[in-house]
Every structure is written in C-alpha cells, then in structure tokens.
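Beneath this line is the structure, given in structure tokens, with notes to follow.
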Amino acid sequence: MIAQRKFVYEQIRDELIDMINQEFYKVGEKLPSERQLANRFSSNFHTVRKALKLLCDSDIIEKQPAKGSFVKRIPRYMPKISGSFKLMPESQNGIGVIYQKKTFNQDLIEWLARTAENCGCYLNIREVEEFDARALPLSRQLLLQGCFSLLILPDRKKTTDRQVAEFVKQSVLPPILLDFYLGVEDTCIRQEKEELGFVESAAIFSAEYFCALGYEYIAFFGPDIFAESVDKLFAFSRFMTRRKAMPLIGLVGDDVETLEELVRFWAQFSGRIGVICYDDEYAFKLMNTVHKLNLRIPEDIALIGANDAGICTHANPPLTTIRFPFEYLADITMKYAMSLRAGKPEKIIDNVAAEFIIRESCGGKMRKKDELASVIKAMEAKNLMFHTIVE
C-alpha cells in the first residue's frame, strides 16, 4: 500500500501526538508556544497553529485565552480529524500483530487472516523476543505501514503484566489483548475475566471426564520445563487435591529412558489410569512409548491430548483431544478491532465453548458404551466452556 503524502501541519500534529502518548507532555501540562514549536519543527507558526487546531478539534488539547495550549487527554491512538471522531483514516486497513517468539499459534493467525480478509483488511505480523523498549518502535512502523490497530500476543510464561502494560501504554496504535493484564484491563476484547482460562479449564474438564469414566488414577504428562506446564499443572493439582486424590505427575524432556521408566511405573495401574497430556505432541510421544513397551491404549493406559492436531484422527488409536475456538477468537478480535477503528470500542459479552472431541484413546466408548451420552450431558451441564463431540 502506498502511503498518502501528508501536509506539514499534519506531520506536526502526528509528532505532537507521539510526544503526548510518550508523556513528554503530560495531561494538564502547558505546551510550548506556537513560535517555540515552530522552531522545534523547523516550520512557521502559522503551520503550527493549524496543527494545534486539529488537536483542539479532536479534544486532545485545549486552548485557554491568554494562557496557551494545554494537554487535555492522552490520545494513545492516532486520530482521524473529523466531526465524527474516528480513530484512524479509512485508508488504514491493516491490523498489526506482534507475537512473542516460540508462542506463535498458526491456527489462530490463519483464522485471523481469513476473517480480516472478509472485512477488507489484512494482517501485518511481527515477531519479538521480548515486549521491551526494543519492540516498541514496531507499533510506530506498523502505523506508518497502514495499520489501524495492534493485536498483542505475549507469552505469559516469559512476560509479566507490568511489561505488557508498559508496552500497551506506549503503543501509538490502539492495542488489543485477548487476555486480561493488570493495569490495561480495558484493552482486553472480553468484558469480564473468567476465573479460569481455556488452558486451565481444559485440564480440569479432562480430569473430570476421566473421573466420570471411573478411572482410579489420573496423571498429568508434559514438558519438564516448569514454566511451560505451570498453568495446566496447577489446575490439575488443585482439582485432584479437592477430590482428596493423589495426582500423578510426569514431566519429561527428550530422554527416552526416563519416559520409558515413567510408562513402566504407570503400567502398574493398567486399566485404571487416564493420562492428561500437555498437548497433542506430548500425547503422540506417550503413545509411541506405550506401544513400544507392548502396552495398549486405552485398555492399559488412556490418553487425552489438547489442540486437535491434524493427525489426531490417524493416530493409533485416534486421539481424544480438545479443539480451542480459534475461529471464534478471530471473529471477536476482528469485531473489536473494527469497533476501535470506528471510535466506539465494543466489548465481547458472550463466551463460546471449546470442543472436547471424544475418540478411542480415552476409553469412554469402551467403558461406558450406551451410557456415554448421559455422562457427557452431566458434564456439559456443569461446565459451559466445553461442548462435547463424539467421533
């Protein structure tokens, strides 16, 4: 997209907005005089006066007779100067996406791209190591490249709420977050914070399902890097503690011998144990080891994965898993972005259920047979975040 050439007074307006966003000039503070600003921007005071009028018209500054111009509010967003006060020019039809390295979710991005295209928009994607001062210039670059909002996808395991809040507050584009972060809750697309997110709820729902199937022992299997497993592990452990049951936990890296030793230990509970896997990748890893040791799934060890990877239906046996609502997330993200563009941000009130997809690996069909439907109905009545599909 070719950027439209701006008049000098528009460029000065934009620079002043940047300076106010960065709190170079704070709310209530007096701006330099027109002649001082003219010297600063190597222009004349007539041009500066036009820039200040634009800022007055958009309610960012106010002029007080015989006193000067004062900052009235932090705009944070680059406004379109018009009577209807839209945040971005209609020529801006890109949505910036900044995600943290190694947390890239291909499914979500693909759905976002499709939804954006249907709205006549496009995605402009950037990857960062950390959400720090080095990443901040990206919001300005994305603005200049035609973006009207910025979707920020931090990794909670690496990035603190404070880091996210500082990045959001200094962004020159309207920020969008899919989750709540302290200090910038107003930028989340959802209106109310859930007690548990999808990740934690998935672990609990899987554990409840295994309990409903009558398994005596329930285990969690995931990576030995604690930071990657902590959310699911905490939810799982809390659930098991409340049931006064001993949680079995297996955190394994790439060591084949350690994994085989773990499976041999779990094999002593043959026919009585269900394992909740961190994701489908770890479920496949466990499956391969179970088969290697001449054990059966689900007869000896039952499994549930997460993410519904494309090869789940081709696993031996087909893997029970959870499909997260990426299409829905993409849809509400786009709706929120468009509402920001119109200057009237609309929060999302309703929630959508993730899909709990029952296949052979969990043993539900084998253990409950005709009673499985009633088990599912009872579980869905207690947890509205999941909709169950039997394949």
Worksheet item: Given the structure, is ILE249 modelled with pLDDT of 95 or more and either assigned to a strand (DSSP E or B) or closer than 18 Å to ASP280 by Cβ (or both)?
Response: no
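Yes/no matrix, rows are residues, columns are (1) aliphatic (A, V, I, L, M); (2) modelled with pLDDT under 90:
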position	(1), (2)
ILE297	yes, no
PRO317	no, no
ALA354	yes, yes
MET366	yes, no
Fill in: Every residue from region 275-303 that is outside any helix (DSSP H, G or I) and either touching an Asp or Glu at 6+ places or on another chain (Cβ under 9 Å) or on the phi > 0 side of the Ramachandran plot (or both)
TYR278, LEU293, ASN294, ILE297, PRO298
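For (1) over 33 Å from the mean Cα position of the chain (by Cα); (2) loosely packed, with under 14 Cβ neighbours inside 10 Å; (3) not assigned by TED's automatic domain parsing to the domain that holds GLU166, each residue gets a yes or a no:
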{"residue": "ASN21", "(1), (2), (3)": "no, no, yes"}
{"residue": "LYS30", "(1), (2), (3)": "yes, yes, yes"}
{"residue": "LEU37", "(1), (2), (3)": "yes, no, yes"}
{"residue": "SER58", "(1), (2), (3)": "no, no, yes"}
Worksheet item: Which of the residues that make up region 366-382 are buried (at least 16 other Cβ atoms within 10 Å of the Cβ) and over 10 Å from TYR209 (Cβ atoms)?
Response: ARG367, LYS368, LEU372, GLU380
Fill in: Matching entry among ALA306, ALA337 (being assigned to a loop (DSSP other than H, G, I, E, B) and buried (at least 19 other Cβ atoms within 10 Å of the Cβ))
ALA306
Worksheet item: In the list PHE70, PHE45, which residue meets the criterion of being surrounded by 14 or more Cβ atoms within 10 Å (Cβ to Cβ), farther than 20 Å from ASN21 by Cβ and among the aromatic types (Phe, Trp, Tyr)?
Response: PHE45
Discussion item. What are the pairs with Cβ atoms under 6 angstrom where one residue, in region 319-332, is farther than 16 Å from PHE284 by Cβ and touching a residue at least 24 places away in the same chain (Cβ under 8 Å) and the other, located anywhere, is of a type in the set (Val, Ile, Thr) and surrounded by fewer than 21 Cβ atoms within 10 Å (Cβ to Cβ)? Sequence gap at least six, or different chains.
Written reply: PRO325/VAL352; TYR328/VAL352; ILE332/ILE348
Discussion item. Restricting to region 138-172, name every residue that is in a strand (DSSP E or B) and either outside the structural domain of GLY183 (by TED's automatic domain parsing) or closer than 25 Å to ASP14 by Cα (or both).
Written reply: CYS147, PHE148, SER149, LEU150, LEU151, ILE152
Worksheet item: If you check every pair at least six apart or on different chains, which have Cβ atoms under 6 Å apart with a residue in region 167-193 that is buried (at least 16 other Cβ atoms within 10 Å of the Cβ) first and a residue that is of a type in the set (Lys, Arg) and not in a loop (DSSP other than H, G, I, E, B) second?
Response: VAL172/ARG140
Worksheet entry | Flag if ILE322 is crowded, with 21+ Cβ neighbours inside 10 Å, at pLDDT 90 or above and out of contact with any Cys (no Cβ under 7 Å at 6 or more places or on another chain) | yes
Worksheet item: With (1) without any contact (Cβ under 8 Å) to a residue 60 or more places away in the chain; (2) under 30 Å from GLU10 (Cβ atoms); (3) within 18 Å of the chain's Cα centre (by Cα) as the list, and ARG134 as the residue in question, which single condition is left unmet?
Response: (3)
Worksheet entry | Enumeration of residues in region 358-391 that are part of a helix (DSSP H, G or I) and in contact with a Gly (Cβ under 9 Å, 6 or more places away or on another chain) | SER361, CYS362, ARG367, LYS368, LEU372, VAL375, ILE376
Item to complete: Filter region 8-42 down to residues that are closer than 23 Å to ALA66 by Cβ and in a loop (DSSP other than H, G, I, E, B), then give me how many there are.
Response: 8
Worksheet, complete the sentence: Note on region 43-73: residues acidic (Asp, Glu) and in a helix (DSSP H, G or I) are ASP57
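The values are calculated or read from the model by the stated rules, or taken from the named source; none is laboratory data. On a predicted model such as this, the values are computed, not experimentally measured, just so you know. Cβ sites come from the backbone with ideal geometry, for glycine too, and all protein chains shown count toward neighbours.
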